[in-house]
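Before any comments, here is the structure.
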Amino acid sequence: MKVTTNKCDKIDTSMMLILRYKRPVISLRDIVEDYMPHLDMAAAKQRASKCKLPFPAFKVDGNKSEYFVNVSDVAIWLDDLQKESQKNWSEVK
């Protein structure tokens with residue numbers, strides 16, 4: 001059975017993340033807890049400081065503030081993961 005999708009039926013990941021978190025910029029901690037549970041916060045902060053996360057992270061007020069991310073950047077990362085998975089799945093089928 002072939003599954004077809006219409007572009008109008010596609011859910012916008014960025015909008016869903018904004019609905020989930022109720023704001024466009026969120027704490028890196030929220031993303032780590034929800035999407036990267038294999039990382040502890042120390043490792044996530046270290047990756048963020050070296051720009052080694054799959055999306056940009058930034059500090060709002062100096063070195064002692066926490067890291068934040070824009071949900072649209074996280075959405076792009078999640079969409080890219082999904083596209084790669086879809087491609088791999090199609091090749092196996």
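Each reported figure results from applying straightforward, stated rules to the coordinates on display, with no laboratory input. Since we're looking at a predicted model, the values are computed, not measured. Note that each Cβ is placed from the backbone with ideal geometry, even for glycine, and that neighbours are counted across all protein chains shown.
If the limit is 28 Å between Cα atoms, which of LYS22/LYS45; LYS22/LYS93; LYS22/LYS52 go over it?
Values: LYS22/LYS45 23 Å; LYS22/LYS93 38 Å; LYS22/LYS52 26 Å.
Flagged as over cut-off: LYS22/LYS93.
Projecting the Cα atoms of SER49, GLN86, VAL32 onto the charge dipole of segment 24-92, computed from C-beta unit charges around the Cα centre, puts SER49 farthest toward the positive end. Taking the Cα centre of the chain as origin and assigning +1 to Lys and Arg Cβ atoms and -1 to Asp and Glu Cβ atoms, the resulting dipole is close to 100 debye. The local environment of LYS59, defined by Cβ-Cβ distances under 11 Å, has a net charge of 0 under the rule Lys, Arg +1 and Asp, Glu -1. Pair-distance distribution P(r) for segment 24-92, from all Cα-Cα distances in 10 Å bins starting at 0: 19, 49, 22, 8, 1 percent. Here the relative contact order of the chain, from alpha carbon pairs under 8 Å that lie six or more residues apart, stands at 31 percent. Each peptide in 86-92, 15-21 was scored by the mean count of other Cβ atoms within 10 Å over its residues; highest first, the order is 15-21, 86-92.
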